[in-house]
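The values are calculated or read from the model by the stated rules, or taken from the named source; none is laboratory data. Being a predicted model, the structure only gives us computed values, none of them experimental. A quick note on method: Cβ atoms are made from the backbone with ideal geometry, for glycine too, and the neighbour counts reach across all protein chains shown. Heavy atoms of the whole protein, side chains included, go into the accessibility calculation; ligands, DNA and RNA do not. Shrake-Rupley method; radii C 1.70, N 1.55, O 1.52, S 1.80 Å.
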Amino acid sequence: MAEKKIIATTSLAGCFGCHMSILDIDERLLDLIEIVEFNKSPINDIKKFTRKCDIGLIEGGCCNSENVHVLKLFRENCRILVALGECAIMGGLPAMRNGIPLKECIEEAYLNGITVHSNTQKIVPNDPELPILLDRVYPCSDIVKIDYSIPGCPPHADLIWATLYSLITGKESDIPYEVFKYD
Amino acid sequence: MAEVVRFFIDGKECMAKNGDYLLQAAKENGIYIPTLCHYDGLKPKGSCRVCTCKVNGRLMTACTTPIAEGMMIESNTLEIEEMRKSIIELFFVDGNHFCPTCEKSGYCELQALAYRYRITAPRYPFLFPLKRVVADYAKIIIDHNRCVLCKRCVRAIKDEMGKSFFAYRRRGQNIEVILDKRMSDRMSFEIALEAENICPVGAIMAKRTAFTTPIGYRKFDKITIGSDIEKIKTK
Ligand code: SF4
């Protein structure tokens with residue numbers, strides 16, 4: 001049998017929905033595991049790259065300094081980088097803050113929002129450990145070169161499967177109209 | 001009786017009434033030419049450029065080009081289709097089109113065209129322009145993030161005197177659709193719904209109507225835009 005392809009995945013400014021959709025390939029997970037091995041990924045909880053990978057799946061765009069760091073790390077370590085889902089492709093829901101100044105966003109979240117009840121000391125988190133928020137949310141392709149994109153919020157499991165299958169085997173997949181969606 | 005002329009689209013012999021617009025004439029011959037700004041029954045505008053074809057070797061918008069005897073038209077060619085695709089991609093980066101949160105998702109013609117062309121991501125960088133959402137009208141919301149400036153609303157939505165509810169204001173990059181304040185107060189719910197439906201995207205939304213149809217049952221969930229025209233049998 002051919003050598004297994006190595007896959008890495010990560011969730012940046014995403015909601016983990018795209019990762020859930022990977023799991024939605026259901027019993028095909030068994031087929032997948034025959035032909036791939038997972039490296040750095042929240043699925044197996046491997047935190048650091050231990051080798052170069054064939055395919056990197058990126059969920060989410062870049063909303064903070066850590067996202068940018070991880071995305072660059074993936075670009076360095078993955079031969080093919082795939083933007084998985086609307087947030088990775090165009091910023092998605094987090095990018096809806098792009099027209100609002102960062103200061104206003106933070107004040108709304110921690111000080112003025114109608115659901116802010118317990119922050120009586122009016123603390124805005126600023127621990128040095130916390131990644132710095134960027135001025136706006138950036139699509140992955142604004143930061144590094146992205147080779148392929150899988151649209152959807154989250155992408156349909158069949159679309160993820162078809163893409164992975166094609167990337168791994170080099171064979172074309174037939175993608176039905178119904179599974180190619182942006183929502 | 002109107003004179004019938006013969007013309008060719010991608011080598012296929014077609015017939016139509018002399019002077020009919022190419023977009024319509026193609027449709028009658030079972031050929032779909034994609035468009036965003038055109039709406040059947042409205043005077044053509046030619047603003048979106050999606051329907052661009054090569055007519056006798058020159059680029060023309062099909063919605064504004066009257067057909068004539070012997071015309072040779074290229075529509076479904078690699079060159080033209082690739083150009084249309086790039087125009088659709090430009091619309092996506094030029095506004096703020098957040099499909100996952102949009103009330104019109106599944107009904108949006110811009111989205112449906114992108115599905116037809118299987119656009120995974122635009123080739124151009126997203127601009128994230130600053131746009132307003134205006135919600136202080138009685139019956140509708142105008143979300144300028146989504147407007148593609150097709151002018152369908154201005155052209156179609158009129159009162160019983162023939163006066164348009166909507167208008168353009170400003171020019172160039174700053175152009176935007178507005179609803180006349182006094183007319184807005186007189187707008188009925190039916191007209192608001194009509195405006196929502198005439199808008200190809202989710203820029204005009206009648207208030208308190210969104211998300212009534214489950215995903216999977218919306219207009220373009222299962223059906224490719226234009227496939228109804230392509231199914232028409234020609235004699
Ligand atoms: S509001 Fe809708 S119908 Fe009016 S110009 Fe914009 S996209 Fe076209």
**OP:** Go through segment A:164-182 and give me each residue that's open to solvent by 70 Å² or more (accessible area, probe 1.4 Å) and farther than 27 Å from A:Glu3 by Cβ.
**Re:** A:Glu178
Original post:
If only one of B:Ala121, B:Ala195 is more than 29 Å from A:Ala83 (Cβ to Cβ) and at pLDDT 95 or above, which one is it?
Top reply: B:Ala195
**OP:** Please determine, by comparing only the residues of segment A:140-151 that are in contact with a Cys (Cβ under 8 Å, 6 or more places away or on another chain) and within 9 Å of chain B (Cβ to nearest Cβ), which one is least open to solvent (accessible area, probe 1.4 Å).
**Re:** A:Ile146
Subject >> Top-ranked residue in segment B:189-212 [being in contact with an Asp or Glu (Cβ under 9 Å, 6 or more places away or on another chain) and away from the ligand (no atom under 15 Å from the Cβ); ranked as nearest to the other protein chains (Cβ to nearest Cβ)] >> reply: B:Phe211
**OP:** From (1) surrounded by fewer than 24 Cβ atoms within 10 Å (Cβ to Cβ); (2) touching a residue at least 24 places away in the same chain (Cβ under 8 Å); (3) charged (D, E, K, R), pick out the condition that doesn't hold for A:Lys103.
**Re:** (2)
**OP:** Please specify each residue of segment B:1-27 satisfying the condition of being assigned to a helix (DSSP H, G or I), surrounded by fewer than 20 Cβ atoms within 10 Å (Cβ to Cβ) and touching a Lys or Arg at 6+ places or on another chain (Cβ under 9 Å).
**Re:** none
**OP:** Looking for whichever is assigned to a loop (DSSP other than H, G, I, E, B) and either under 24 Å from A:Ser166 (Cβ atoms) or within 14 Å of chain B (Cβ to nearest Cβ) (or both) here; the options are A:Ile80, A:Ile25. Which one fits?
**Re:** A:Ile25
Original post:
Does B:Arg84 meet the test of being more than 14 Å from the ligand (Cβ to nearest atom), assigned to a loop (DSSP other than H, G, I, E, B) and charged (D, E, K, R)?
Top reply: no
**OP:** Give the residue that is nearest to the ligand (Cβ to nearest atom), with candidates limited to residues of segment B:137-152 that are open to solvent by less than 40 Å² (accessible area, probe 1.4 Å) and farther than 23 Å from B:Phe126 by Cβ.
**Re:** B:Arg152
Original post:
Filtering segment A:156-183 down to residues that are within 10 Å of chain B (Cβ to nearest Cβ) and of a type outside the set (Ser, Thr, Tyr), which residue is farthest from A:Ile33 (Cα to Cα)?
Top reply: A:Asp183
Original post:
Among the residues of segment B:167-180, is there at least one that is away from the ligand (no atom under 16 Å from the Cβ), more than 14 Å from every other protein chain (Cβ to nearest Cβ) and either within 17 Å of the chain's Cα centre (by Cα) or not hydrophobic (A, V, I, L, M, F, W, C) (or both)?
Top reply: no
**OP:** Could you list, in sequence order, all residues of segment B:56-89 that are away from chain A (no Cβ under 14 Å) and under 18 Å from B:Pro200 (Cβ atoms)?
**Re:** B:Thr61, B:Ala62, B:Cys63, B:Thr64, B:Arg84, B:Lys85, B:Ile87
